[in-house]
Amino acid sequence: MTRALVVDDEENIRLVLRTLLKKHGYEVATAGSAEEALEVLEREPADFVLADVRMPGMSGIELCEALRARGIETTVIVMSAFGSVELAIDAMKAGAYDYISK
């Protein structure tokens, strides 16, 4: 089964995405911050990470950079409600596979 990790500081977003992904057959873990996501991924690898850009502490883009620095290879899709072309470019430069709007 494909394993996903949803990273968002908003609990409602995590719950909605978790429910949606589970309906489509994914095994889903969640994290409320990028720091928590790093801890989860150290214990349990994920096939892909769906991460919010704007979170307190480490951003989703910084999460991409931290994953790359730690040698954790997983597909990261960055999402934001405050999208811009510049933000999408920054995400891709940091190692994100894709960028989507919430």
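The values are calculated or read from the model by the stated rules, or taken from the named source; none is laboratory data. Predicted model only: the values in this text are computed from it and were never measured. Neighbour counts run over all protein chains shown; Cβ positions are idealised from the backbone, glycine included. Side chains included, ligands, DNA and RNA excluded: accessible areas come from the protein's heavy atoms. Shrake-Rupley method; radii C 1.70, N 1.55, O 1.52, S 1.80 Å.
Before moving on, here are some points about what is shown:
- Leading residue by the ranking (least open to solvent (accessible area, probe 1.4 Å)) among those in the range 64-102 that are among the polar types (S, T, N, Q) and either closer than 21 Å to Glu10 by Cα or in a helix (DSSP H, G or I) (or both): Ser80
- Test: residue in the range 29-50 that is part of a loop (DSSP other than H, G, I, E, B), crowded, with 17+ Cβ neighbours inside 10 Å and on the phi > 0 side of the Ramachandran plot: no
- Considering the range 9-24, and only residues there that are within 18 Å of Asp47 (Cβ to Cβ) and in contact (Cβ under 8 Å) with a residue 12 or more places away in the chain, the residue that is most open to solvent (accessible area, probe 1.4 Å) turns out to be Arg18.
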